[in-house]
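So the structure is just underneath, and the comments pick up after that.
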Amino acid sequence: MLIDGELKTGKVLFAHGAGAPMDSDFMQQMALRLAKLGLQVVRFEFPYMQTIRETGKRRPPDRMPKLLDYFTQLIEEQVVDGQPLYLAGKSMGGRAASMLLSHPAVSAGFVFGYPFHPRGKPDSLRVDHLKDLPKPLHIFQGERDPMGSLPEVTEYNLPSSVHVYWFEDGDHDIKPRKASGFTQIQHMDHIAQIIGKQLS
């Protein structure tokens, strides 16, 4: 577990994606920006990723129910009276976070690259639970994300509780190509600005 920043405006539990650990470049860069907003950022790894770190051997993620059980345990451990608690995640971790917004201790969710569908399987949608979210979910998505591009997601008729922010030419890591004139750093800075407005 890695903890970034001081507890000023609240705490955020930040989950990693399916294939990259909590200290990946994206996780570190985003955690730094969240901490600068006054959030205490708690990065953690699901048990399967902890095993990968210990053994050095790749393995697939656990099934979602097991991931959710572990995430829920952490929510219970990280509650601080009088301080809002947010859930955040990269890709798979963000999907898990979106499924736990009904927890009474949670105020809202932030997802960086939501996996609306598996790569190459646009008909296998992962949006049903989004229709009944009790709290705001803010999704930061690259326009050409192979797991949910701008043309695809605009057809999903998502509810008003789901706020999707698009980043020009971004891929699943919200990284644009050089020819776009943008950089991943610029997009991440913009994400932080948007989240900062949600906290104020």
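The values are calculated or read from the model by the stated rules, or taken from the named source; none is laboratory data. All values reported here derive from a predicted model rather than from experimental measurement. No Cβ is skipped: glycine too gets one built from the backbone with ideal geometry, and neighbour counts run over all protein chains shown. Areas reflect the complete protein model, heavy atoms only, side chains present, ligands, DNA and RNA absent. Shrake-Rupley method; radii C 1.70, N 1.55, O 1.52, S 1.80 Å.
General remarks:
- Filtering the stretch 178-189 to residues that are assigned to a loop (DSSP other than H, G, I, E, B) and touching an Asp or Glu at 6+ places or on another chain (Cβ under 6 Å) leaves only PHE182.
- Some residue of the stretch 81-103 being more than 29 Å from ASP62 (Cα to Cα) and either of a type in the set (Gly, Ala, Ser) or touching a strand residue (DSSP E or B) at 6+ places or on another chain (Cβ under 7 Å) (or both): yes
- Taken over the stretch 79-99, residues that are out of contact with any Phe, Trp or Tyr (no Cβ under 6 Å at 6 or more places or on another chain) and either over 22 Å from TRP166 (Cα atoms) or among the small types (Gly, Ala, Ser) (or both) amount to 12.
- TRP166, sole failed condition from (1) among the aromatic types (Phe, Trp, Tyr); (2) open to solvent by 20 Å² or more (accessible area, probe 1.4 Å); (3) part of a loop (DSSP other than H, G, I, E, B): (3)
- Test: residue in the stretch 54-75 that is open to solvent by less than 50 Å² (accessible area, probe 1.4 Å), in contact (Cβ under 8 Å) with a residue 60 or more places away in the chain and more than 17 Å from the chain's Cα centre (by Cα): no
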